[in-house]
Amino acid sequence: MPEAQKDFYETLGVGEKATTEEIKKAYRQLAKKYHPDANPGNKEAERRFKEVSEAYGVLSDSKKRAQYDQMRKLGAGAFAGGGFQGFDFGDLFSGGGTGGGGGFSFEDLGGFGGLGSLFSNLFGSRIRPEAQGPRKGNDVLVELEIPFELAVEGGKTTVALSKEDNCKVCGGSGARPGSGTTTCQECGGQGSVSFVQGGYAVSRPCPKCLGRGVLAGDPCSTCAGRGTVRGPKKYAIKIPRGIATGEKIRLRGQGEPGVAGGPPGDIIAQVRVESHPFFTTKGANIYCTVSVNVAQAVLGSKVKVKTVDGRSVELKVPAGVQNGATFRLKGMGLKKNGLKGDQFVKVEVVTPEKITEKQKKLIEEFAREGGLEY
Ligand SMILES: [Zn+2]
Ligand SMILES: [Zn+2]
């Protein structure tokens, strides 16, 4: 993973004897400077940002830092040409026994999407002008395609989606378990600080503890200290009977975690009902088309029509029905909010494509009898 001759101290611009506080301070300044949100499309900034984060990941962890220092003492040879010879990077970047276990990588953080939200959390009050005080977590929008029958009858389904969630390892504190936390002196544990702006008292997330009210002894390695992780999860969704395409189902409090003590956002599932080969819907009404042959159209008939509840009913087609005529089956539509829609049946008269000689003669006779030109 790393190139040769990496000097994490140089990357962060601190001395070898720098305190944890100094390292943290340097990291925050550099991470802010090179953050992708602040440098859209700038590959060099992206590279620096990764380097800075990587350096911080090692130097902010006392155990990893000690290993790294030890390695530096082994001399330049360890750095030359082939990179970190004889040194197990998996070990250096592993999560210190906090689960997860794998090496430190940006994929673990959800790529830059994940880092983006990491940094809008870390620097929210500065990068995003709208961020002031506790605020609700982001709503998560998801498109939910459901079978026609489920929309008609209602029921349950699940949706899988990937979103920010509180880190299970540290419980959202961002502190490595066992490393302890202390109450933030800056905000007295409140997570937000007030200041006066234009004569008004305004509060915003505490810049020191990032709105948590506590300071981590060591950042949690699973979530890199941000308290949240991104991952896929399944959610059960109750589908109300008669739901239609475009309607939304809201799962309150299931969205992304709130910021600075704000409430979590919601999951909003926008429904798309799969099309059906026979039925279409509009509101609570059902539409379908049935075919009748010429004899049925001329003489009248009873035809069977399927309904959405799975039965079929008999529709009386009167003699002399016209192509396109529509009949209503009352109360056979969708049941929705205690109301029942209707089913509209359009009649399509089908003309035979092939007839026998005898049929032809009979039709000719039929035409002469009625004075029809042909
Ligand atoms: Zn964590
Ligand atoms: Zn604070």
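Computed from the coordinates by the stated procedures, all read-outs in this text should not be read as laboratory data. A quick note: this is a predicted structure, and the numbers were derived from the prediction, not measured. Because the Cβ atoms are built from the backbone with ideal geometry, glycine has one as well, and the counts that use them run over all protein chains shown.
If I take all pairs of Cα atoms in segment 179-238, what percentage of them are more than 20 Å from each other? Percent of Cα pairs beyond 20 Å in segment 179-238: 45.
Extension gain for Arg328-Glu247 works out to 26.6 nm (0.36 nm per residue, less the C-alpha to C-alpha distance). Annotation: amide H of Gly189 within the under-5 Å range of Cys184, sequence separation 5 or more or interchain, hydrogens built in the peptide plane. Taken one residue at a time, the phi angles of segment 40-45 give Karplus couplings (6.51, -1.76, 1.60, θ = phi - 60°) of x, x, 8, 5, 5, 5 Hz. Gly and Pro are set to x. Spatially, segment 35-76 and segment 250-316 are offset by 55 Å when compared through their Cα centroids.
Using r as the Cβ-Cβ distance of Val290 and Leu141, and R0 as 41 Å, what FRET efficiency do you calculate, to the nearest 0.05? So, using R0 = 41 Å, E works out to roughly 0.55. With both residues required to sit in segment 224-366, DSSP beta bridges show an antiparallel share near 70%. Phi angles of segment 242-254 translate, via the Karplus equation with coefficients 6.51, -1.76, 1.60 and θ = phi - 60°, into HN-Hα couplings of x, 5, 10, 3, x, 6, 10, 10, 10, 9, 5, x, 9 Hz per residue; Gly and Pro are given as x. Look at the dipole of segment 1-61 built from charges on Cβ: of His35, Tyr56, Gly15, the Cα furthest out on the positive end belongs to His35. For segment 140-273, report the % of Cα-Cα distances exceeding 18 Å. The proportion of pairs with Cα distances above 18 Å equals 64 percent. With neighbour counts taken as other beta-carbon atoms within 10 Å, the residues His276, His35 rank, fewest first, as His276, His35.
How large is log10 of I(q)/I(0) for segment 286-367 at q = 0.11, 0.17, 0.24 Å⁻¹ when the intensity is taken from the Debye formula with one equal scatterer per alpha-carbon? Values returned for q = 0.11, 0.17, 0.24 Å⁻¹ are -0.38, -0.72, -1.11. Computed from label points 7 Å out along Cα-Cβ, the spacing between Glu353 and Lys208 is 8.4 nm. By the count of other C-beta atoms within 10 Å, a proxy for reagent exposure, Tyr200, Tyr287, Tyr68 are ordered fewest to most as Tyr200, Tyr287, Tyr68. Across segment 205-212, rounded Karplus estimates of 3J(HN,Hα) from the backbone phi angles (6.51 cos²θ - 1.76 cosθ + 1.60, θ = phi - 60°) give x, 4, x, 7, 9, 6, x, 8 Hz, Gly and Pro being marked x. Taking a Cβ cut-off of under 9 Å around Ser60, the surrounding Lys, Arg, Asp and Glu residues balance to a net charge of +1, with basic ones at +1 and acidic ones at -1.
On full extension, the segment bounded by Lys50 and Lys316 gains 88.4 nm, given 0.36 nm per residue less the C-alpha separation.
Treating r as the C-beta distance of Val298 and Asp342 and R0 as 30 Å, the FRET efficiency rounds to 0.65.
Residue-normalised convex hull volume from the C-alpha trace of segment 237-336: 102 Å³ per residue.
Here is the size of segment 141-206 from its Cα atoms: Rg then Dmax, 21.9, 59 Å.
Simple spin-label estimate for Val196 and Glu373 gives 9.6 nm between the two label positions (7 Å along the Cα-to-Cβ direction from each Cα). As a proxy for reagent exposure, Ile363, Ile267 were ordered by neighbouring Cβ count within 10 angstrom, fewest first; the result is Ile363, Ile267.
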